[in-house]
Amino acid sequence: MDKNIIIQLSYLVASILFILGIKMLGKPATARRGNTYSAVAMFIAVMATLLIQGVLSYTEIFVAILIGSAIGYYYAAKVEMTQMPEMVALFNGFGGAASVLVAGSEYWRISNEAHLQLNIVDGITIVLSIIIGAITFTGSVVAWAKLNGTISGKAIVYSGQHIINLLLFAIAVVASVLQIIYPDNDLYFFIIIAIALVLGILVVIPIGGADMPVVVSLLNSYSGIAACFTGFVLNNQVLIIAGALVGTSGIILTQIMCKAMNRSLINVLLGGFGQTSSSAPTTGKSDIQVKEVGVEEAAIIFDSASSVIIVPGYGMAVAQAQHAVREFADLLEKKGINVRFAIHPVAGRMPGHMNVLLAEANISYDKLIEMDMINNDFANTDVCLIIGANDVVNPAARNDASSPIYGMPILNADKSRTVIVLKRGMSAGYAGVENELFGYDNCLMLFGDAKSSVEKLVSEIKEL
Amino acid sequence: MDVQTLLVLLYVLVLASFVGFELIAKVPPTLHTPLMSGSNAISGITMVGAILASGPSPFMYNASKVLGLLALVLATINVVGGYAVTDRMLKMFKKKK
């Protein structure tokens with residue numbers, strides 16, 4: 001059989017396995033197998049590519065793959081589950097950078113080989129591949145730095161921000177058109193790369209920490225779209241199919257995240273959320289009177305409850321409290337108390353962040369309930385324990401039309417008979433608004449580090 | 001590339017996107033992080049492009065090939081790291097009896 005047919009058939013098999021893999025990722029029971037299918041698909045696609053005539057430098061290719069595998073595997077094995085958002089952001093960036101480099105390589109090859117001529121279709125695909133790839137690369141690196149605290153997670157805003165971005169984008173478009181018209185001029189090519197790299201930084205800089213789930217999802221989508229365009233550059237179907245799957249997955253997650261915050265994608269991308277409102281009331285003439293509770297008293301409240309809902313938030317991840325929380329939940333269950341977890345879609349720094357942390361702590365995934373499924377149950381619940389969550393339980397989203405978070409779907413924690421909030425201090429949530437829940441009659445504050453508070457609760461309840 | 005080929009590739013893109021939308025809209029929130037890191041690994045399919053770019057003529061270095069090899073290292077990190085960490089995560093998703 002013709003070698004080329006073998007290669008194309010292998011690509012077809014790989015594409016099928018990618019699709020099946022994604023399908024299986026949709027159910028907890030089959031998800032792990034789905035991931036393996038997808039990895040096998042990748043292996044087949046890579047092997048088939050190595051068969052292609054013209055691929056001759058096997059030694060160098062194997063060395064490169066070996067280096068990449070070692071770095072990737074090492075990082076994957078040692079990363080903490082709380083650092084997952086950073087890792088995904090960084091890997092997105094690598095994917096984007098790889099797309100830029102491949103397109104650059106192809107550009108150089110076509111423009112330097114005498115018998116080849118860069119035509120319009122090649123020009124457009126290469127330019128698009130470079131722009132999307134470069135924005136993905138620097139944008140992801142900024143997101144990574146924000147998530148791990150290398151640079152401030154706060155939204156960084158300055159005047160004229162959007163005008164500068166628009167101007168840069170316009171220049172990039174003009175340079176792209178010129179590049180396509182005059183394919184032999186390398187100058188435009190470098191202008192496009194430079195601007196796209198800068199744009200990636202500027203676009204992510206104004207977006208604050210709690211909006212990161214949207215950004216990480218969107219960059220994930222971009223890395224797929226970049227792979228897609230690389231597929232167009234190289235006339236390769238498997239790249240297009242795999243890239244399209246990633247692209248759509250990122251877009252869907254982005255939409256889910258935006259909906260969960262009741263904000264449009266444009267609003268998130270324009271950035272600066274929470275900045276204006278947080279600067280005004282920081283001097284804190286708060287009219288919210290909170291009631292504090294001690295560990296002993298809280299322990300008694302839990303002990304006499306028959307149903308408890310735990311609402312975890314980013315604060316739980318920061319305090320690394322997930323294992324203590326598991327111990328707490330187990331203890332209550334042993335006492336015959338019904339314990340469940342209510343997960344808000346944007347809790348944490350990436351979609352599904354809380355689920356991964358609680359899974360790491362060995363909490364059964366059927367205890368983790370989505371917002372829409374559990375919201376009606378709060379009213380029949382004795383105690384709601386809020387661990388490091390704030391805006392997602394702020395009733396102002398329902399009641400106060402002047403609040404920046406008004407209209408955002410929230411967990412109805414305030415409806416439960418007693419609410420106990422674990423919190424370091426009285427600081428406002430990400431949106432910069434005070435949480436009126438903390439002043440409610442049924443709300444008690446237990447100040448301190450989330451992890452040690454939960455640990456103290458556990459030992460206190462054991463002594464009862 | 002001619003326009004005919006481009007059209008075929010566009011067909012592939014559009015159909016694959018529809019499949020993607022159908023499949024991924026059904027993924028429950030519990031699995032959103034693994035979905036993201038798993039699909040992130042898939043985006044490392046650029047490896048295929050990187051191999052093609054670093055392919056020709058062993059040990060004859062030019063800009064095209066150096067860029068290709070660099071791309072290959074990055075894409076491989078993306079692929080291997082992405083699949084490995086997704087597997088690590090999914091191993092933890094258990095239902096207690």
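The values are calculated or read from the model by the stated rules, or taken from the named source; none is laboratory data. Please read all numbers here as calculations on a predicted model, not as lab measurements. Counting neighbours? That spans all protein chains shown, and the Cβs are built from the backbone with ideal geometry, glycine included.
Report, by residue number, each residue of region A:323-366 that is buried (at least 16 other Cβ atoms within 10 Å of the Cβ), under 27 Å from A:GLY250 (Cα atoms) and charged (D, E, K, R). Result: A:ARG349, A:GLU360.
Just one residue in the set A:PRO206, A:PRO213 is over 20 Å from B:LEU74 (Cβ atoms), in contact with a helix residue (DSSP H, G or I) (Cβ under 7 Å, 6 or more places away or on another chain) and surrounded by 24 or more Cβ atoms within 10 Å (Cβ to Cβ); that residue is A:PRO213.
Does A:ILE151 satisfy the condition of being under 23 Å from A:THR230 (Cα atoms) and not basic (Lys, Arg)? It would help to see each step written out before you state the result.
Numbers: under 23 Å from A:THR230 (Cα atoms): no; not basic (Lys, Arg): yes.
No: the conditions fail for A:ILE151.
Scanning region A:35-90 for residues that are closer than 14 Å to B:THR86 by Cα, more than 8 Å from chain B (Cβ to nearest Cβ) and not in a helix (DSSP H, G or I) gives a single hit, A:GLU80. Here A:ILE386 fulfils each of the conditions (1) touching a His at 6+ places or on another chain (Cβ under 9 Å); (2) closer than 19 Å to A:SER306 by Cα apart from (1). Within region A:415-433, being more than 19 Å from A:ARG349 (Cα to Cα), of a type outside the set (A, V, I, L, M, F, W, C) and either touching a strand residue (DSSP E or B) at 6+ places or on another chain (Cβ under 6 Å) or buried (at least 22 other Cβ atoms within 10 Å of the Cβ) (or both) holds for A:SER416, A:THR418. Per this entry, A:ASP414 is not counted among residues that are farther than 22 Å from A:GLY208 by Cβ, assigned to a loop (DSSP other than H, G, I, E, B) and at pLDDT 90 or above.
Considering the conditions (1) buried (at least 19 other Cβ atoms within 10 Å of the Cβ); (2) within 11 Å of chain B (Cβ to nearest Cβ), A:VAL383 is excluded by exactly one of them, (2).
Every residue, every condition in (1) among the aromatic types (Phe, Trp, Tyr); (2) buried (at least 16 other Cβ atoms within 10 Å of the Cβ); (3) within 17 Å of A:ASN235 (Cβ to Cβ), yes or no:
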position: A:ILE5; (1), (2), (3): no, no, yes
position: A:ALA14; (1), (2), (3): no, yes, yes
position: A:GLY21; (1), (2), (3): no, yes, no
position: A:MET24; (1), (2), (3): no, yes, no
position: A:ASN35; (1), (2), (3): no, yes, no
position: A:ALA45; (1), (2), (3): no, yes, yes
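Check region A:224-233 and report whether any residue there is surrounded by fewer than 24 Cβ atoms within 10 Å (Cβ to Cβ) and either under 30 Å from B:ASP2 (Cα atoms) or in the same structural domain as A:GLY200 (by TED's automatic domain parsing) (or both). If you could, list the steps in order and put the result at the bottom.
Of all residues in region A:224-233, those surrounded by fewer than 24 Cβ atoms within 10 Å (Cβ to Cβ) come to none.
Checked region A:224-233: no residue is surrounded by fewer than 24 Cβ atoms within 10 Å (Cβ to Cβ) and either under 30 Å from B:ASP2 (Cα atoms) or in the same structural domain as A:GLY200 (by TED's automatic domain parsing) (or both).
In summary, A:ALA210 fulfils each of the numbered conditions (1) more than 14 Å from chain B (Cβ to nearest Cβ); (2) more than 13 Å from the chain's Cα centre (by Cα); (3) more than 22 Å from B:PHE18 (Cα to Cα) with the single exception of condition (2). Every condition in (1) touching a Ser or Thr at 6+ places or on another chain (Cβ under 8 Å); (2) under 18 Å from A:SER249 (Cα atoms) is met by A:ALA31 except one, and the failing one is (1). Within region A:121-155, restricting attention to residues that are more than 21 Å from A:ALA98 (Cα to Cα) and out of contact with any helix residue (DSSP H, G or I) (no Cβ under 6 Å at 6 or more places or on another chain), the residue that is surrounded by the fewest Cβ atoms within 10 Å (Cβ to Cβ) is A:GLY149. Listed by first and then second residue, the pairs with beta-carbon distance under 6 Å, at least 6 apart or on different chains, first residue in region B:1-18 and without any contact (Cβ under 8 Å) to a residue 24 or more places away in the chain, second assigned to a helix (DSSP H, G or I) and not β-branched (Val, Ile, Thr), are B:MET1/A:ASP122; B:LEU9/A:PHE232; B:VAL12/A:GLN237; B:LEU13/A:ALA244; B:ALA16/A:ALA244; B:SER17/A:ALA244.
For first residues located in region B:63-87 and over 12 Å from B:ILE45 (Cα atoms), partners that are of a type in the set (Phe, Trp, Tyr) and lie 6+ apart or on another chain with Cβ distances below 6 Å form the pairs B:ALA63/A:TRP108; B:SER64/A:TRP108; B:GLY81/A:TYR75; B:GLY81/A:PHE91; B:ALA84/A:TYR73. Does A:GLY407 fit the bill of being modelled with pLDDT under 90, at positive phi, surrounded by 21 or more Cβ atoms within 10 Å (Cβ to Cβ) and under 28 Å from the mean Cα position of the chain (by Cα)? No, not satisfied. Filtering region A:101-123 to residues that are within 9 Å of another protein chain (Cβ to nearest Cβ) and under 24 Å from A:GLY224 (Cβ atoms) leaves A:LEU101, A:VAL102, A:ALA103, A:GLY104, A:SER105, A:GLU106, A:TYR107, A:VAL121, A:ASP122.
Here is a yes/no grid of residues against (1) more than 25 Å from B:ALA71 (Cβ to Cβ); (2) free of Cβ contacts under 8 Å to residues at least 60 places away in the same chain; (3) away from chain B (no Cβ under 12 Å); (4) out of contact with any strand residue (DSSP E or B) (no Cβ under 9 Å at 6 or more places or on another chain):
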residue	(1), (2), (3), (4)
A:ASN220	no, no, no, yes
A:CYS228	no, yes, no, yes
A:VAL246	no, yes, no, yes
A:ILE251	no, yes, no, yes
A:MET257	yes, no, no, yes
A:ASN262	yes, no, yes, yes
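Scanning region A:333-371 for residues that are within 8 Å of another protein chain (Cβ to nearest Cβ) and free of Cβ contacts under 8 Å to residues at least 12 places away in the same chain yields a count of 4.
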